[in-house]
Amino acid sequence: MPSTSGYTMPFGTFRRSIMGIGNDHSHNQIHSMDVSGDSSSDFHCELGSFEHQVFRQFRTLSAASADELLSLDWVSKLLDAFTACQEDFKGILLKHESNLGKPPLDRFVTEFFDRSIRALDICNAVRDGIEKIRLWNRHLEIVLSAFDSKSRNVMVEGQFRRARKALSDLAIIMLDDNKESTSLFSHRNRSFGRPNKGKDGQHKAGHSRSLSWSVPNSWSASKQLQLIANGLIPPKSHEISATNGLANVVYTMGFVLMFVLWALVAAIPCQDRNLQVHFSVPRQFSWGTPLNLLHIRIMDESKKRERKNSVGLLKEIYQMEKSINLVTDLVDSVNQFPLTEEQKTEVQTCVQEVSQVCNAFKNGLNPLERQLREAFRKIMSFRTEGLEHLARAQS
């Protein structure tokens, strides 16, 4: 695997990349946006700074060790990176409101905010996935409690019966959650906000549609991601020139949005999740290097024999699956009491491993859900505010 920690990028490269400067024709075209005089240099530095932010954030993520990649902590850092990039992007876009209504930038901005609706839907689906993991963990805690005894040296048959029953219930729930039509949460509203209802009790159409929307049985995470990816086309040289580089900024943020959603769906159980979403990471942008490396690493993880049929690539899910197999084998192997000293040692080892998994989820799921909730709200509020600025620019 290529090294992830040693590559750097001169700042001038960022400016050339964001401005699409690679051929003289593009560079020499007359820019139509309102950037002139001394402000031009500051403007270009602003755009270059944004791309450097994207590069830096995802370089750090791509440098994660094998144990860190796709862990709860890594997913938390992924959401932090997205929030930081979106805040910088928002600042640039709203600062140049007067240019938003001019073609072709108006089309790029409108398409970006259209993709935000699908992003909100995927956030809701990921939230459902977090709730599924939380339910699995509660059942695993029941298994753990079955072996909890004031005297660990005395293990009785009843404890093994309770553990076997809890494991059976957990297996049924996890199997059901893998079936799209019988998902435990597909009929429940697990959205991030309150329903927006009119006098007739129906949901109002508008920017907050996804706040009160829960995915139906026919909804597909992979199809939503593919629809987002299909609309992501790097701007042509004349479009870059006509927008003075702002078209590349919008494209960059659109790609970051799509990639973050793809990584979330890869890690967290989602309805009809499939990582075979067709997109290619553009090499002409500086941030393409770390994003391409991350894409390769995540796809390689999904192809591992022990992960191919996993409900999610989250490291802690893999640890949960291993601990479930371990305790199941242990419970099935014990058929005589009292236990031998060797069996007691195996039980203690097993209990410790299950306890570590339960604690990891107990300590990590709630903060991750809060982060996801905050990302959802920021996407929604930015869409609302951005469309208002676009409408003013077009009036």
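Before moving on, here are some points about what is shown:
- From the list S302, S323, S280, S286, the lone residue that is without any contact (Cβ under 8 Å) to a residue 12 or more places away in the chain and among the hydroxyl-bearing types (S, T, Y) is S280.
- Of residues in segment 168-182 being surrounded by 12 or more Cβ atoms within 10 Å (Cβ to Cβ) and among the aliphatic types (A, V, I, L, M), the one modelled with the lowest pLDDT: M174
- Yes/no for P234 being modelled with pLDDT of 95 or more and more than 15 Å from the chain's Cα centre (by Cα): yes
- Of the helices (runs of 4 or more DSSP H) lying entirely inside segment 211-286, those containing at least 2 residues that are open to solvent by 20 Å² or more (accessible area, probe 1.4 Å) and farther than 27 Å from I317 by Cα are 221-230, 237-242.
- Scanning segment 66-117 for residues that are at pLDDT below 95 and farther than 26 Å from A393 by Cα yields nothing.
- Condition check for I30: at pLDDT below 90 and within 26 Å of I379 (Cα to Cα): no
- So L293, is it open to solvent by less than 10 Å² (accessible area, probe 1.4 Å) and either more than 22 Å from E131 (Cβ to Cβ) or in a loop (DSSP other than H, G, I, E, B) (or both): no
- Taking the criterion of being of a type in the set (S, T, Y) and more than 19 Å from the chain's Cα centre (by Cα), the residues of segment 360-395 that qualify are T384, S395.
- Contacts under 7 angstrom Cβ, first residue in segment 159-175 being β-branched (V, I, T), partner at pLDDT below 90 and surrounded by 13 or more Cβ atoms within 10 Å (Cβ to Cβ), 6 or more apart: I173/L184
- In segment 321-375, the qualifying residues are those that are in a loop (DSSP other than H, G, I, E, B) and of a type in the set (S, T, N, Q), and the one that is least open to solvent (accessible area, probe 1.4 Å) is T340.
The values are calculated or read from the model by the stated rules, or taken from the named source; none is laboratory data. Computed from a predicted structure; not experimentally measured. We place every Cβ from the backbone using ideal geometry, glycine too, and count neighbours over all the protein chains shown. When the accessible area is computed, the model is the full protein with side chains, heavy atoms only, and any ligands, DNA or RNA have been set aside. Shrake-Rupley method; radii C 1.70, N 1.55, O 1.52, S 1.80 Å.
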